[in-house]
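Undergrad: I'd like to ask you about the structure that follows.
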Amino acid sequence: MPTEARIHIIDTTNRDGVRTSRLCLSPLQKTMINLQLNELGICETEVGLAATHHEANYINGNCKLQKLGVLAPICLRGWINALRSDVEQAVTHTQLTHLYMSIPSHAWFLRSRLGPGWSLERVADEVCAALEQARRAKIQSVTVGMQDSARASDADLMMIARRVRSAGADRYRYCDTWGFENPWSIRARVKMLAEELKMPIELHCHDDLGLAVANAIAGALGALDAGVDAYIQTTVNGVGERAGIADLVSVILALKKSRSLRERELVGDQIDLPKAWKLARYAAYALRWPISPRQVALGCNAAVTAGTHIDGAVSEVQDCEVYNVEELGHTEPDIIETGRWVASGVYEGIKGFRNIYGKLEIEFKDQAEATLVLDLVRMASAQNHQPLTGDELRFIAHHPDVAKEIMTQSC
């Protein structure tokens, strides 16, 4: 295997993660997750749906943060259907320069998403035309993938893949949309695909059978077997449609700590692992979805052992445990303050508001600036439906113009 082939980590919490039943994120919360993913060292975030008007201001605000150097070097990629009409919407209403195009595969997908009269061959023609349109619009990179690639026939999978490669796609996404694969089958299939295409392969694996992390890593190894880079899509805390998709921290740790992989140093991104706990805890708060006690490395039971294992965990921790939870920044205790406390809210007054920011060591130059930020804090509180965190308050104070754009809904 060529030494240059590496595995990169992508996050889709703000696109696939929010498809989880009964979960949602406000535009500000999505932005905070993007900022923390950038701090963690994740190479790309799927910011949302680029062809829907209601997300345009949030997406463009994040693009501005990137130009300011606040949200960099992470790549911002938008999701669209592989249609020329979606390309037009994306380039007209957003400042994104990286897109993902999704292709329906089976007959019932074609009917439900595109209507009657569509064949896979007609879809391939439309995708190629959409790719050409994206290039004319100065889109820098395009990833293309077939929904439910795992259950598409080899012939259909290869036909679409060859067509989009010839049309100029930069990366191909292999989607196990319903969690159908197993580690042995996906590695062989991705290797076959990568050997044919000679282009980077992206893995999107759902957890319906509890195999998302194993499948994503096995698929990535299949790409590396063929000498091309692999990209694994993840979400924070493994959230996502139905049983979720591959968990971000689990994928990173498996690549860095498991047998035969840890020596190979396969991760091509500079991951700052101690930032992981803060990100996971913020996502759990924003989503109102508590971290499971058995969550890999992050759950409250992750560092708890029992019986004959206790002595080893205490006296020979490096030999006993595969990883140490402190490596993930899991050293900050959860403290519930008793007594009087002040939280930001929709009806926060100026004096209480300044008291909160005073505790964050942020001062305003005059009353007008304080009033502007207060109005934005009230707007954010109304959209989040819960008190703002310290990082959210700091972001609004430091970038009020961008915060206003992000939180203003367009239609």
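The values are calculated or read from the model by the stated rules, or taken from the named source; none is laboratory data. None of these values were measured; they are calculated from a predicted model. No Cβ is skipped: glycine too gets one built from the backbone with ideal geometry, and neighbour counts run over all protein chains shown.
Undergrad: For region 360-411, what are the residues that are surrounded by 14 or more Cβ atoms within 10 Å (Cβ to Cβ) and among the basic types (K, R)?
TA: If the condition is that a residue be surrounded by 14 or more Cβ atoms within 10 Å (Cβ to Cβ) and among the basic types (K, R), then R378, R394, K404 are the ones that fit.
Undergrad: May I pose another question? Go through (1) modelled with pLDDT of 85 or more; (2) in contact with a Ser or Thr (Cβ under 6 Å, 6 or more places away or on another chain) and name the single condition G345 misses.
TA: That leaves (1) as the condition not met.
Undergrad: Let me ask something else about it. Testing K138 on (1) on the phi < 0 side of the Ramachandran plot; (2) surrounded by fewer than 22 Cβ atoms within 10 Å (Cβ to Cβ), one condition comes back false. Which one is that?
TA: (1)
Undergrad: What number of residues in region 260-277 are touching a strand residue (DSSP E or B) at 6+ places or on another chain (Cβ under 9 Å) and not in a loop (DSSP other than H, G, I, E, B)?
TA: 1
Undergrad: Among (1) crowded, with 18+ Cβ neighbours inside 10 Å; (2) modelled with pLDDT of 95 or more, which single condition is A150 missing?
TA: Against the list (1) crowded, with 18+ Cβ neighbours inside 10 Å; (2) modelled with pLDDT of 95 or more, A150 comes up short only on (2).
Undergrad: Are any residues in region 368-385 within 27 Å of the chain's Cα centre (by Cα) and of a type in the set (S, T, Y), and if so, which ones?
TA: The answer is S381, and nothing else.
Undergrad: Restricting attention to region 257-283, report how many residues are farther than 17 Å from A302 by Cα and touching a Lys or Arg at 6+ places or on another chain (Cβ under 9 Å).
TA: Of the residues in that region, 7 qualify.
Undergrad: Taking helices (runs of 4 or more DSSP H) that fall entirely within region 1-93, which contain at least 1 residues that are within 30 Å of A226 (Cα to Cα)?
TA: The qualifying helices (runs of 4 or more DSSP H) are 27-40.
Undergrad: Please tell me if P116 is more than 25 Å from V18 (Cβ to Cβ) and assigned to a loop (DSSP other than H, G, I, E, B).
TA: In short, yes.
Undergrad: Just checking, how many residues over region 240-255 are assigned to a loop (DSSP other than H, G, I, E, B), in contact with a Leu (Cβ under 9 Å, 6 or more places away or on another chain) and crowded, with 24+ Cβ neighbours inside 10 Å?
TA: Number of matching residues: 1.
Undergrad: Still on this structure, I have one more. Quick one: V317 ticks every box in (1) under 30 Å from C24 (Cβ atoms); (2) at pLDDT below 80 bar one, so which box is it?
TA: With (1) under 30 Å from C24 (Cβ atoms); (2) at pLDDT below 80 applied to V317, the lone miss is (1).
Undergrad: Follow-up. Given the residues A194, A214, A220, which is the only one that is part of a helix (DSSP H, G or I), in the same structural domain as R77 (by TED's automatic domain parsing) and in contact with a Pro (Cβ under 6 Å, 6 or more places away or on another chain)?
TA: When all the criteria are applied, what remains is A214.
Undergrad: Take D375 and tell me if it is part of a helix (DSSP H, G or I), in contact with a helix residue (DSSP H, G or I) (Cβ under 7 Å, 6 or more places away or on another chain) and not assigned by TED's automatic domain parsing to the domain that holds T31.
TA: No.
So that you can scan it fast, the table gives a plain yes or no per residue for (1) outside any loop (DSSP other than H, G, I, E, B); (2) in contact with an Asp or Glu (Cβ under 6 Å, 6 or more places away or on another chain); (3) surrounded by fewer than 22 Cβ atoms within 10 Å (Cβ to Cβ):
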{"residue": "G145", "(1), (2), (3)": "yes, no, no"}
{"residue": "I160", "(1), (2), (3)": "yes, no, no"}
{"residue": "G168", "(1), (2), (3)": "no, no, yes"}
{"residue": "Y174", "(1), (2), (3)": "yes, no, no"}
{"residue": "G179", "(1), (2), (3)": "no, yes, yes"}
{"residue": "S185", "(1), (2), (3)": "yes, no, yes"}
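Undergrad: Please list, ordered by first then second residue, the pairs with beta carbon atoms under 7 Å, 6 or more apart or interchain, first in region 91-113 and buried (at least 20 other Cβ atoms within 10 Å of the Cβ), second modelled with pLDDT under 80.
TA: Short answer, once both residue conditions are applied: P104/L110; P104/R113; P104/L114.
Undergrad: Another question about this same structure. Quickly run through region 124-163 and pick out the residues that are of a type in the set (V, I, T) and without any contact (Cβ under 8 Å) to a residue 60 or more places away in the chain.
TA: Matches in region 124-163: V127, I139, V142, I160.
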